[in-house]
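Beneath this line is the structure, given in structure tokens, with notes to follow.
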């Protein structure tokens, strides 16, 4: 089977689409659900936090589980868990019940990205990893694109509880395909000899080896990637979880109008994911050092982000256009940041490293969502747009200061060979 690695990437793409549809279901039905159950903006923010706390904590344990169980088993377990948790939302009768089910959903969803990152290291050479990561990032936005019209339609026709059941059951269809298809390239029965040689010629073919998190935490690169995500990712959490509610509260959109328009910023995020990965990949192909290619691609996108402040002051149509630009720039920036994890760390520990870096994303949500809810309740949305506009330039400065081209020799693994691309 030719180009089998891209079929693997397609399965990872679908897993992330399902992941984001499941987490986005609450955001789309929020205008109806919060009114029916009498949930305030502060309570809604607390429900989001109930998702983000276990989501964040599980970044630590999920990375270890991915490295210990392997990609195939770990992603199957995560998918089965979060799909069941999402369907259970249909049983909620108030803020407490929603909070419990969101907690269960968050406990399963973060592992998807650890497993995807490890699969990319196992199946792709260095020059293709940014594009593969861009595809996975694009899947996140694709899930949001699909969820807005789909869930709005289901909710209008059958009610918000049916929306949770439908989206929850989708994961089990994907699970059957994953278990039948995924194996490591070393022993996959459908891979060609040429493709196996391409994949295994570099560090992706190295055997797995466990590594202590304490060893990784001694590396400034890990801290640079982690802290930069704490600063940058609140922007994505805000637009992911609050955009439909903002469109109703401030712009006066109906649920049907939200379904017709709220997918646009996620479509441009898709384009940013693929475009950002493609651009840095082209720079690598032209001979630029890998980390330099990632950084030079990220800088202009970080400088675009302050334009988000304009959303608070423009009419609805141009405001939505600016939101689209912001989500495009964010995902182009984030794709290259995530790919740095694959560039810096050997495949045998990339799950653990991605878990620590991903912890920054979860912390970003845990810290920012309660603040957003309270700012919105007290002052409205304008202050939120001001804060979000300047987070990426700070995150970019952290990357430039702490993530540098260097040989990564782990403290207790002095015989670890640094990546050839560095």
Could you check residue 387 against (1) in a loop (DSSP other than H, G, I, E, B); (2) modelled with pLDDT of 50 or more; (3) under 26 Å from the mean Cα position of the chain (by Cα) and say which number it fails?
(1)
Does residue 196 count as out of contact with any strand residue (DSSP E or B) (no Cβ under 7 Å at 6 or more places or on another chain), surrounded by fewer than 24 Cβ atoms within 10 Å (Cβ to Cβ) and farther than 27 Å from residue 345 by Cβ?
no
Filter region 1-59 for residues that are more than 19 Å from the chain's Cα centre (by Cα) and farther than 22 Å from residue 93 by Cβ and give the result.
1, 2, 3, 4, 5, 6, 7
Can you tell which of 34, 25 is farther than 25 Å from residue 116 by Cβ and buried (at least 19 other Cβ atoms within 10 Å of the Cβ)?
34
Of (1) touching a helix residue (DSSP H, G or I) at 6+ places or on another chain (Cβ under 6 Å); (2) surrounded by fewer than 17 Cβ atoms within 10 Å (Cβ to Cβ); (3) under 24 Å from residue 365 (Cα atoms), residue 303 satisfies all except one. Which?
(1)
Looking for whichever is modelled with pLDDT under 85, part of a helix (DSSP H, G or I) and crowded, with 19+ Cβ neighbours inside 10 Å here; the options are 295, 348. Which one fits?
348
Out of the residues in region 130-186 that are buried (at least 17 other Cβ atoms within 10 Å of the Cβ) and without any contact (Cβ under 8 Å) to a residue 60 or more places away in the chain, which is farthest from the chain's Cα centre (by Cα)?
154
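The values are calculated or read from the model by the stated rules, or taken from the named source; none is laboratory data. It should be emphasised that the depicted structure is a prediction, and the values quoted were computed from it without experimental measurement. Quick reminder, even Gly has a Cβ in these numbers, built from the backbone with ideal geometry, and neighbours come from all protein chains shown.
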